[in-house]
Amino acid sequence: MVQQTEFMLLFRYELSNNYQPTEAELNEMHQQWGAFIGNIAIQEKLVSTHQLGFEGRQIFADKSTAEGVYTSDKLSVAGNMIVKAASIDEATEMAKHCPILHMGGTVEVRNIQPM
């Protein structure tokens, strides 16, 4: 039996106040995400997944805070998924089917180290 390791897929997308998807586009996106997550779950490789909301607060080293979510290059983390895979290559192949890529977003695959 192949040893399975956990990897986190981090989903990022560009924040835009100029574009609001139509109801039909939202429904299509939900179907794509359902198929993507369902396919991984059927293989018994899904550990967990979370979609992040739009509210947030940042806390800095000096204990000061700022309202809003952190963005870098106009990209924000939209959510994550933890999957089981034999290697980072296998986890990367799973990530290549992520619907966020069709929306111009990115997926980062990271190994998870227990604390």
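Every number here is computed from the coordinates shown, using simple stated rules; none is lab data. Note that the coordinates shown come from a computational prediction; the quantities given were computed from them, not determined experimentally. Counting neighbours? That spans all protein chains shown, and the Cβs are built from the backbone with ideal geometry, glycine included.
What to note about this one:
- Calculated from backbone phi, Karplus (6.51, -1.76, 1.60) coupling profile of segment 63-72 in Hz, x at Gly/Pro: 6, 6, 10, 9, 6, x, 9, 6, 10, 9
- Close Lys pairs in the chain, defined as Cα atoms under 22 Å apart and 8 or more places apart or on different chains, number 4.
- HN-Hα J in Hz across segment 89-102 - Karplus 6.51, -1.76, 1.60, θ = phi - 60°, x for Gly and Pro: 5, 5, 4, 5, 4, 4, 5, 5, 9, 6, x, 5, 5, 6
- Within the shell of other residues whose beta carbon sits under 10 angstrom from the beta carbon of Met8, the net charge comes to -1, with Lys and Arg scored +1 and Asp and Glu -1.
- Here the chain is scanned for chymotrypsin sites (Phe, Trp or Tyr not before Pro) in DSSP loops (not H, G, I, E, B) that have at most 15 other Cβ atoms within 10 Å, and the longest stretch holding none of them is 71-115.
- Among Val83, Val69, Val47: highest mean-square fluctuation, GNM of the chain, C-alpha pairs under 10 Å: Val69
- Added length on full extension, which subtracts the Cα-Cα distance from 0.36 nm per residue, Ser16 to Glu93: 24.9 nm
- Per-residue HN-Hα couplings for segment 33-48 [Karplus 6.51, -1.76, 1.60; θ = phi - 60°; Hz; x = Gly/Pro]: 5, x, 5, 4, 5, x, 4, 5, 5, 4, 7, 6, 10, 8, 9, 6
- Segment 1-26-segment 87-104 distance, computed between alpha-carbon centres (Å): 10 Å
- The charge dipole of segment 5-111, taken about its Cα centre with unit charges on the Cβ atoms of Lys, Arg (+1), Asp and Glu (-1) only, comes to about 220 debye.
- Which of Gln31, Ile100, Ala41, positive extreme of dipole for segment 5-111 (C-beta unit charges): Ala41
- When peptides 74-80, 37-43, 62-68 are ranked by their average number of other Cβ atoms within 10 Å per residue, the highest-first order is 74-80, 37-43, 62-68.
- Helix-only [θ]222 nm of the chain, DSSP H runs n ≥ 4, -39500 (n - 2.57) each, per residue, nearest 500: -8000 deg cm²/dmol
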